[in-house]
Each structure stands twice: as structure tokens, then as C-alpha cells.
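The values are calculated or read from the model by the stated rules, or taken from the named source; none is laboratory data. Since the model is a prediction, treat every value here as computed from it, not as a measurement. Neighbour counts run over all protein chains shown; Cβ positions are idealised from the backbone, glycine included. Please note that ligands, DNA and RNA were not included when accessible areas were found on the heavy atoms of the full protein model with its side chains. Shrake-Rupley method; radii C 1.70, N 1.55, O 1.52, S 1.80 Å.
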Amino acid sequence: MLPTFGDSGSSAQPIVRGVGVLQSVLSPDNATVPTIIDGVPLTGFGSAIELFILEKVEVLRGPQGTAFGRHSTAGAIIITTAKPDAVPERSVTFAAGDDGYWAARGVLSGQIAEDVFGRFAFSYRQHGAYVDNEQQFADDIGESQVGAARGTLRFAPNGATEVTLGANYENDDRDTSSVVQLRDRNTFQDTPPFQRTLAGTTANVTHEAERFTFHSVTGYQYYDAEFSSDITDGYVFEGVTGFPPEFFIEIRDEFSDDIETEMQLYQGLHLISPEASAIGRATGVVASLNDFSGSHSVRSNFFVTSSGDREIDLKNQSYAVFGDVYVPVGAWECGLGARYSYEIREFDGTYIGTGLPDTVPVFVQDDRETYGLFSGRASIGYKPTEESLVYASYNRGAKAGGFSRSWNNAALGVPEEPYPQTTVDAFEIGAKGELMGDRQPGRPRPSGTKSKMSRSSHWTPTPSPSWSKVWIFGRAALSWKARHCLGRGFSLSAALGYTDAEITGVPAGNSSGAEKGNDVPNVPKLTVSLSLDYRNNPGILGLGLGEEIAGFIGYRYQSERPVDVANSFDLNATHLIDAQLGLSTESWRVYAFVENLLDETIEQQGAAITPSVQSVLTSRGRTVGLGAQFVF
């Protein structure tokens, strides 16, 4: 169990093959890569959650408009939690390290009654501050405590019907939502609080008939966050204004207090052909209701249009119907899918000003927009061998427009215009292959190399509502994975990825600073990962059944990447080394770990305040610790 580091507790913004949110999520419906757990998409601001007791994680590339509809214009992250069964599972894990890190995790699972199975799991971790704060009497920044629990009940009264109920709760308490500072400098600011609560329930019902499988998925999620910000870090504004950092201690009217609440109800009904069917078919209907409320109080003499009190309510409704078919013909395989979505966006806002020049005292806006969206896919592939595939595909993703939760124009008395809907057309031609070789046949321990390569060119002209129809063009993607068994318990894994994405069109008068030919922000061209794993059963230590020594050392690299659409500056390249070594039996395990061995300051995000004042969001440095797990 390794610690996580440098994470913002407010949101998660995945980018897949160069396509994603360019700066920030404008509204709950503005994500491009949804996180879907047990069939239920998470809310827009509640997707950065604790993940544990998982069965499978899938990252689907490209628009997934047929199966997953809205939000999935760049792909989707599909997470399946582990289902309880008759095999009992009881364990508890503890870990502790430097800089105030410690964590605990436990699971209790097994059969409750005939055809009834249950699992309860919990997770807790905390970490001390990792950014020095040089403002007098202010605490250092980065301390966090995150606790989560998940419960699952599975009913399997017969071989054809199964009902799985899940519930989760999480509390995230830290001293700030994100640590923003000048590059290569400490902070000089107040230490504001951040607290977030997540809760949710899911219900999956599956019934297998002779000609089809019926699947119903129901989900409810609740998100609540309260956080404050000191919006005039002394060092940042020293660079902007020339005043010494101590000057900004005396300015008490430079803060932001926020309260956000989001609730979402989701229902999907699907009919799926049996796995044994020669032709794969799926059809279904989906409905989703989302209600986001925000209370934002900002006082600032530097950011005039942000100052004031805003009460915002965003209501979003989504209804969709879809169908998908897959037909194999000899060595050929063809696929076709379509989806229609009807979206309703409602905005209700009240603004009360603070009397600053050129701002209005009060402003109210009540607005409503509707959208009809078509998405789908078409593909054809040929398999020269069982381990290879040559294919061509077309995928369309669509995302409704909507209203921004920031409501920046309210201070000027100007109605917030809805951002436009997004359509993504992705064309891909590629090949996938798998190679296996046995370097030392006849050895009792498997030895050889297994590799997978995916080479493709894809074009995704993507109008982004965040930047008024800035167009993105992705091309020439290459990924390669390999695992080599070295023998004597060692194995080597490697992966390589290359992505090239650039902006190819910018509307006249656009104020974002984007230019044609600029690289898409936050997308490294090159990513590399290497891992050396060791696993052996020496059987000579006399520790009992299941005696094993296991460990790994892993290296991850990503190249420099631009910080924004204007390519104001590049975030530093990242070099991460993690390692773990443990000794275990069937009833216990002890291990040592290190994360970020090189103690690098990793720049996750950034912003150009002025051309010469560059701020970054950094992650924590090296963590070294010990852990133990006990199985009962």
C-alpha cells in the first residue's frame, strides 16, 4: 500500500490521446472522460475518489458515444469493484512512513446466508504538510486526511438472476484544495481549509434469459465541499505588483469562500445478447438527473469581476437511447452503433456586488437550453492471426453545451452565454499485435517475452467549449507494451507511448492566447514506464505455508508539456521511481516501500499569471515507510 501524493481533492481531469478538458471543468456536464464505477458514472466534481477492493480497471480510448454517451468524447474509465462470494476474506493492513504518513485498510467478506454474500471494506490515510509556508504564524501546506468505506451485498437466488447492492462514503479533509506556488519557491499565504464529503449507492440487477441478458443499473451520488482560498500568495503577487510579500498579509479583503453541493440520480436499462451468440447486440435506454448548487463569496481588489457573492443552481437532465451490433464473418469483424441523447440545461443565478467600480450591485439570470445529440461508431477489422488485428474505425462523440458555474460576467451585469455543444469525429487506422517467444524451452519456470503493440493514426478535430471552439488535431499515436520473464523469479515489464496533438484552428478575436500550431496543454508527447518485478518461494526460511519474497522497482517518465493553450511555458519533465519489497506467508505480510525515490518536485499543473510570473501546482516529495498485512 503506497501513499498517493500531490492530489487535488476537488476534481479529476483525465486526458486520453491528447483530448480532454483544456483548463478546468466548466460545469458538472463538461468532463470529457467519465469515471464509471459498477455501471454508474460519477458526478462531474465527485470523480476524484479513493479506489480500493477493485476487480478490474479499463481505460477506453477515443469517443465512446454509443455505450456511454455524454461526457465520453475522449474516452471512458471503467471501474468494477470486487463482488463478494462464498470464499471468506478477512484482512487488515497498516502502513507508516516519514512526513506524517500512515494508513490503514481492512476488508471483511464472505457468505452471510444461503445465496447471500457481503463485503465491507474501509480505507484511511493521512499525510503531513509538504510545502513550506514562510508567512509568519501560518501553517505549512499539504496536510490531508482521507477516510472511506464501501459495503456490498450480493444476492444470487438462482443461476439466472443476480442482484448486487453497493454503498460508499468518503470524507476528505485537508488544509487546501490545491497548493499553488511560484516555481522553485515556497508559499507565503494563509492556510485555508478544504473539506469534501462523497456518498453514493448502486444497484445492479442482472437476469439471463435464453436469448438475451437483462441488466438494470441504478445509482445515486452526493457530493458536498466547503473550501477557502487565499488568492494573494505573497510571493506570487510580489512578482505581479512589486510590493513585498508582507504587504499582502495586511490585505484581508483578498479571499474566496466556496460551498458546493451536487446530487445525481442515474438509471440505465440494457438488453445484451448472450456471450455464446455469434452476433453481439446491445440496446438500452438511460436517464440521468443532476442538480449542482454553488455559493461563492469572493473579496478581491485585484480580480474585480470575480469579487462579489454568487448563488448558482445548475440543473441538468439527460435522456438517451442506443443500440450496438458486432458481426464476425470469418477472419473479418464489423461493428456499428448509434445513440441519440436529449439534454436539458437550466441555470438560475443571483449576484450581489461589493461596490467596486464598473460593477453592478445586483444581477439575476434564469435561463434554459435544450440539445439533441447524435453519436455512434462504425468499425471493420481483419485478423491475419489470432494474435493480430488490422482495423479501421470511425467514432463520433457528442457533448451538450451548458452554463459555466463560475458566472464571471455577473459583476458586469451581462448574462452568461451558454458554451456551445461539442462534437468529436475520430478516424483511426491501425494495427495491433502480440508476440510471444520462449527463450529457454524446457525450464520448469515460464521464461519468455510477451509483447503487445498498437500503432495507429487518429484524427480528432475537437471544438472545446472551454475556449470558444478551439480545434484540436491528434495524430500518429504509438503504444507498445512488453513483459519478459527473466527466470529465477524476475520479470521485466515495459511500456512506451507517443502522442502528438496540436491546435489547428482558433476563432478570430479569441482571448485565450491560443495560436494555430500550438501543442495541446497537459499532454506529454512521450511516456515511458519500466518495472522489474521479483517473486519467489524459497521455502528455506521455515515461515510456514505460502512463504514468498516479492518486490518491484518501477520507473515512470513523461516529457515536458505545455501549461496552457497559449503554450506560455512548459511543465518540467517527470522522473518517478517507486519500489517495494516484502516477505509473506498465507497469514501475514511485511514490506518496506519508497515512493518518489529521487525526491522530485513534480509539477502537475500551472498557470502564467504574467509572462514572467509562473505558478505551479506541485506534488509531495519522497515518502519512505513500512507496512504489514494480517490475514485471518
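Results for (1) polar (S, T, N, Q); (2) touching a Leu at 6+ places or on another chain (Cβ under 9 Å); (3) closer than 18 Å to ALA278 by Cβ, shown as yes or no for each residue.
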site	(1), (2), (3)
CYS334	no, no, yes
THR350	yes, no, no
THR354	yes, no, no
VAL360	no, yes, no
THR370	yes, no, no
PHE374	no, no, no
ALA398	no, yes, no
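Kindly indicate the residue of the stretch 304-315 that is surrounded by fewer than 21 Cβ atoms within 10 Å (Cβ to Cβ) and in contact with a strand residue (DSSP E or B) (Cβ under 9 Å, 6 or more places away or on another chain) and also nearest to ILE249 (Cα to Cα) among those meeting that condition. Per the stated criteria, the residue is SER306. Cβ separations smaller than 6 Å between residues 6+ apart or across chains give the following pairs from the stretch 285-296 residues that are closer than 19 Å to ARG310 by Cβ to residues that are open to solvent by 40 Å² or more (accessible area, probe 1.4 Å): ASP291/MET263; ASP291/LYS315; GLY294/ARG405; SER295/ILE259; SER295/GLU311.
Of all the listed residues (LEU617, LEU576, LEU571, LEU583), the sole one being more than 24 Å from the chain's Cα centre (by Cα) and aliphatic (A, V, I, L, M) is LEU583.
Among residues that are open to solvent by 40 Å² or more (accessible area, probe 1.4 Å) and at pLDDT 90 or above, LEU545 is not included.
When SER123, SER109, SER72 are screened for being within 30 Å of ASP425 (Cα to Cα) and in contact (Cβ under 8 Å) with a residue 24 or more places away in the chain, only SER72 passes. The single condition among (1) open to solvent by 20 Å² or more (accessible area, probe 1.4 Å); (2) touching a Leu at 6+ places or on another chain (Cβ under 9 Å) that GLN629 does not satisfy is (2). Residues of the stretch 612-629 that are modelled with pLDDT of 95 or more and aliphatic (A, V, I, L, M): VAL624, LEU626, ALA628. Would you confirm whether or not the stretch 612-620 contains a residue that is of a type outside the set (Lys, Arg), open to solvent by 60 Å² or more (accessible area, probe 1.4 Å) and under 29 Å from THR241 (Cα atoms)? Looking through the stretch 612-620, at least one residue is of a type outside the set (Lys, Arg), open to solvent by 60 Å² or more (accessible area, probe 1.4 Å) and under 29 Å from THR241 (Cα atoms). Of the residues making up the stretch 178-208, just one is open to solvent by 40 Å² or more (accessible area, probe 1.4 Å), hydrophobic (A, V, I, L, M, F, W, C) and under 30 Å from ILE231 (Cα atoms), namely VAL180.
Only residues that are among the small types (Gly, Ala, Ser), open to solvent by less than 60 Å² (accessible area, probe 1.4 Å) and out of contact with any helix residue (DSSP H, G or I) (no Cβ under 6 Å at 6 or more places or on another chain) were counted across the stretch 489-513, and they come to 9.
Here's the yes/no breakdown for (1) aromatic (Phe, Trp, Tyr); (2) open to solvent by 30 Å² or more (accessible area, probe 1.4 Å):
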site: GLN317; (1), (2): no, yes
site: ALA320; (1), (2): no, no
site: TYR340; (1), (2): yes, yes
site: LEU356; (1), (2): no, yes
site: PRO361; (1), (2): no, yes
site: PHE374; (1), (2): yes, yes
site: TYR394; (1), (2): yes, yes
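Where strands (runs of 3 or more DSSP E) fall entirely within the stretch 568-611, those with at least 1 residues that are modelled with pLDDT of 95 or more and open to solvent by less than 30 Å² (accessible area, probe 1.4 Å) are at 574-584, 588-595. All told, VAL217 falls short of being within 23 Å of SER288 (Cα to Cα), open to solvent by 30 Å² or more (accessible area, probe 1.4 Å) and in a strand (DSSP E or B).
Does ARG211 qualify as being in contact with a helix residue (DSSP H, G or I) (Cβ under 8 Å, 6 or more places away or on another chain) and either more than 16 Å from VAL146 (Cα to Cα) or surrounded by fewer than 16 Cβ atoms within 10 Å (Cβ to Cβ) (or both)? No.
If the condition is being within 15 Å of THR350 (Cα to Cα) and not in a strand (DSSP E or B), then the stretch 276-335 contributes THR305, SER306, SER307. Of the set (1) at pLDDT 85 or above; (2) open to solvent by 30 Å² or more (accessible area, probe 1.4 Å), all apply to PHE255 but (1). Kindly indicate whether VAL59 is at pLDDT 80 or above and over 28 Å from SER568 (Cα atoms). When the stated conditions are applied, VAL59 passes them. Every test in (1) surrounded by 23 or more Cβ atoms within 10 Å (Cβ to Cβ); (2) touching a strand residue (DSSP E or B) at 6+ places or on another chain (Cβ under 7 Å); (3) under 24 Å from GLN195 (Cα atoms) is passed by PRO63 save one, and that test is (3). Of the residues making up the stretch 409-431, just one is within 18 Å of GLY69 (Cβ to Cβ) and open to solvent by 70 Å² or more (accessible area, probe 1.4 Å), namely GLN421.
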